[in-house]
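Participant: I have a structure here, written as structure tokens, and I will follow up with some questions on it.
Readers should treat all values here as calculations from the given coordinates under stated rules, not as data from a laboratory. All figures in this text were calculated on a predicted structure; none of them were measured in a lab. Please note: Cβ atoms are built from the backbone with ideal geometry, for glycine as well, and neighbour counts cover all protein chains shown.
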Amino acid sequence: MADEKKSEGAFELRVDRNTSPAEAVRMALVQEMKARKFYEECAKVVNHPGAKKMFEFLAAEERKHEDLIQKELDRSFMTEM
């Protein structure tokens, strides 16, 4: 249906030839943050212990991705300024 709102978690960012490498890395970081928040919210609302544990694990993995991307951003792009 055309009137339905887009899913909040939909991947709408596009990278093209005009996107700077630093901006692409920043977009990746934002996506990791969104994924972590999504998994954290899921862990809060599910009642099944196994599902809760899985979502907590996934949130922790996304946090690791965030940290890796931030370190790369700082190392590779902040030194250029």
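Participant: Taking only the alpha-carbon atoms of segment 36-80, what semi-axes of the equivalent ellipsoid follow from 5 times the gyration tensor eigenvalues under a square root, in whole Å, largest first? List each step's numbers first, then the result.
Facilitator: Values: eigenvalues 190, 13, 3 Å².
Semi-axes from the Cα gyration tensor: 31, 8, 4 Å.
Participant: Let me ask something else. Separation between the Cys42 and Thr19 pseudo-spin-labels, each 7 Å from Cα along Cα→Cβ, expressed in nm?
Facilitator: If labels sit at Cys42 and Thr19, their model points lie 2.3 nm apart.
Participant: Quick one: dipole size for segment 36-80, taken about the Cα centre, charges +1 on Lys/Arg Cβ and -1 on Asp/Glu Cβ, in debye to the nearest 20.
Facilitator: Numbers: 9 positive and 10 negative charges, 55 e Å.
For this selection, approximately 260 debye.
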